[in-house]
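K.L.:
The structure that follows is given in the form of structure tokens.
The values are calculated or read from the model by the stated rules, or taken from the named source; none is laboratory data. If you're wondering where the values come from, they're calculated on a predicted model, not measured in any experiment. Methodologically, a virtual Cβ is constructed for each residue, glycine included, from the backbone with ideal geometry; neighbour enumeration extends over all protein chains shown. Remember, those area values only see protein heavy atoms, side chains included, never the ligands or the DNA or RNA. Shrake-Rupley method; radii C 1.70, N 1.55, O 1.52, S 1.80 Å.
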There are 2 protein chains.
Amino acid sequence: MRYLIEFSYDGSNFYGYQKQKDKRTVQQCLEASLTTLNRENKVLVSASGRTDAKVHALGQCAHFDMKYEVKDLKKALNSLLPEDIHIINVKEVQDNFHARFNVTKKEYHYKINIGEYNPTERNYVYQYNKDLDLESMKKALVYLEGEHNFKSFAKTDDNKENFIRTIYEAELSKDNNLVTIRFIGNGFLRYMVRNMVGTLIEIGEHKRTPEEILEILKKENRIYAGKTAKPEGLYLVKVTY
Amino acid sequence: MRYLIEFSYDGSNFYGYQKQKDKRTVQQCLEASLTTLNRENKVLVSASGRTDAKVHALGQCAHFDMKYEVKDLKKALNSLLPEDIHIINVKEVQDNFHARFNVTKKEYHYKINIGEYNPTERNYVYQYNKDLDLESMKKALVYLEGEHNFKSFAKTDDNKENFIRTIYEAELSKDNNLVTIRFIGNGFLRYMVRNMVGTLIEIGEHKRTPEEILEILKKENRIYAGKTAKPEGLYLVKVTY
């Protein structure tokens, strides 16, 4: 049986999603709990993609193969998992379903506090704590929408062959001092959201103009984009198949 | 010179506000940083009141006496304090000002998640994760407003002489799955907000009727009220002088 799980996690105390030797990662915790449920027969988990250290997920997805009563799996798994990972939903899928290759859309949110430093938010909202020109940032977001080669916004040493991605929606909203930037796309390169947000912040600081996004995209070289925004403001919100 | 500070803290990693031997508390951190700034001459801090372990503050207030340039104090103090305490504002006050005795109003919020468990909120919102009858809870809140003897909602072994307090506002609002209960009063007894919220939750579960609030108040005995709600959903939001 192949199962698809939807799950959330607090990235604060993980070295990211992906398994790494001797590090606490989300994948390692999931596989450990599933292997326990599978009577110590190793279960391997394939997610929609990795998330970096300290990045959160409200709707990450992954598939795995094992035999278990589908209606009991959510409860059994949640009782074994630590309190910073939570299974939201479990369903059976076809044997050829793949949590990474079958993705049609992904949604990420990035949260920024432009007001006074708030200690209760320090691991969940980027504490920028100064004003930003949100109108300029909104103009810049329009240039990011659509199909582009996003190599300038990818991790420097990313050796992918194809840096073409489509952003369907890129929007900014403000609620009191909380700014949320929302991206929906067919896929995102490693560091791509954080590099876009870092560049957008520089636009909000008037260090760059919104129009520079067009030039940066054209250069296809990481050195032209802005700094990588901090991980704690980033959330993988939804994966669509 | 007497200074009044407004400050916020994340209660998660503190054994409450008040100093305790060999425990990490907010008061101990504040006094240690102030004493450093005061060239190792001990500074004692008096807050508007204590908060319990894991309870947060967005606008706690305290006073202390020392000599320091008022315009530099916020920055100097924040550079010494740990990242889970933050000074929002510092001002000079008269020598007879007292952060506890001069309080005219206090505002507390209690946050409840009635949707799916969210790991990123686990230390900041009570994860109730089931539905509640919010209309019944709103009816009950009306009975809590006004001047009453709140002994039934106080800590069992509280030996105060006067349990009379006035609640000016008691309101419930809902934003998606986040329920916020807001109390403004002239003062609150120890555990009073958490005991009121615990009772309100039992009303939302139909284990009690809203009208039972009147009877509980009349009894003036802790055994008649509901359970003490968990600390992590509680925020001291504002102190008014």
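K.L.:
Would region A:130-137 turn up any residue that is at pLDDT 95 or above, more than 30 Å from A:Ile203 (Cβ to Cβ) and open to solvent by 70 Å² or more (accessible area, probe 1.4 Å)?
P.N.:
No, because not a single residue in region A:130-137 is at pLDDT 95 or above, more than 30 Å from A:Ile203 (Cβ to Cβ) and open to solvent by 70 Å² or more (accessible area, probe 1.4 Å).
K.L.:
Hey, can you tell me all the residues within region B:31-49 that are over 24 Å from B:Val237 (Cβ atoms) and part of a loop (DSSP other than H, G, I, E, B)?
P.N.:
B:Asn38, B:Arg39, B:Glu40, B:Asn41, B:Lys42, B:Val43, B:Leu44 - these are the residues of region B:31-49 that are over 24 Å from B:Val237 (Cβ atoms) and part of a loop (DSSP other than H, G, I, E, B).
K.L.:
Something else now. Report the residue count in region A:200-241 for those that are closer than 24 Å to A:Ala53 by Cα and open to solvent by 70 Å² or more (accessible area, probe 1.4 Å).
P.N.:
Matching residues across region A:200-241 total 4.
K.L.:
Being within 29 Å of A:Tyr124 (Cα to Cα) and open to solvent by 30 Å² or more (accessible area, probe 1.4 Å) narrows it down to one residue among B:Glu69, B:Glu6; which is it?
P.N.:
B:Glu6
K.L.:
Here is a list: B:Arg165, B:Arg122. Which entry is among the basic types (Lys, Arg) and closer than 24 Å to B:Asp84 by Cβ?
P.N.:
B:Arg122
K.L.:
In addition: Please enumerate the residues belonging to region B:112-122 that are within 12 Å of another protein chain (Cβ to nearest Cβ) and surrounded by 22 or more Cβ atoms within 10 Å (Cβ to Cβ).
P.N.:
Across region B:112-122, the qualifying residue is only B:Pro119.
K.L.:
Also, quick follow-up: Would you point out the residue of region B:55-64, among those that are away from chain A (no Cβ under 14 Å) and within 19 Å of B:Tyr235 (Cα to Cα), that is surrounded by the most Cβ atoms within 10 Å (Cβ to Cβ)?
P.N.:
Selected residue: B:Cys61.
K.L.:
Just to check your reading of the model, which residue among B:Asp22, B:Asp52 is crowded, with 18+ Cβ neighbours inside 10 Å, of a type in the set (Asp, Glu) and assigned to a loop (DSSP other than H, G, I, E, B)?
P.N.:
Testing whether each residue is crowded, with 18+ Cβ neighbours inside 10 Å, of a type in the set (Asp, Glu) and assigned to a loop (DSSP other than H, G, I, E, B) leaves just B:Asp52.
K.L.:
Let me ask another. Could we say that A:Glu83 is surrounded by fewer than 17 Cβ atoms within 10 Å (Cβ to Cβ), out of contact with any strand residue (DSSP E or B) (no Cβ under 7 Å at 6 or more places or on another chain), among the acidic types (Asp, Glu) and within 14 Å of chain B (Cβ to nearest Cβ) here?
P.N.:
Yes; evaluated as a whole, the condition is true for this residue.
K.L.:
For B:Gly16, are the conditions met, namely being away from chain A (no Cβ under 14 Å), open to solvent by less than 20 Å² (accessible area, probe 1.4 Å) and closer than 14 Å to B:Leu234 by Cβ?
P.N.:
On the way: away from chain A (no Cβ under 14 Å): yes; open to solvent by less than 20 Å² (accessible area, probe 1.4 Å): yes; closer than 14 Å to B:Leu234 by Cβ: yes.
Spelling it out, B:Gly16 is indeed away from chain A (no Cβ under 14 Å), open to solvent by less than 20 Å² (accessible area, probe 1.4 Å) and closer than 14 Å to B:Leu234 by Cβ.
K.L.:
Those residues that are of a type in the set (Val, Ile, Thr), at pLDDT 95 or above and open to solvent by 30 Å² or more (accessible area, probe 1.4 Å), I need them from region B:142-199; list them, please.
P.N.:
Once the filter is applied, which keeps residues that are of a type in the set (Val, Ile, Thr), at pLDDT 95 or above and open to solvent by 30 Å² or more (accessible area, probe 1.4 Å), region B:142-199 yields B:Val142, B:Ile164.
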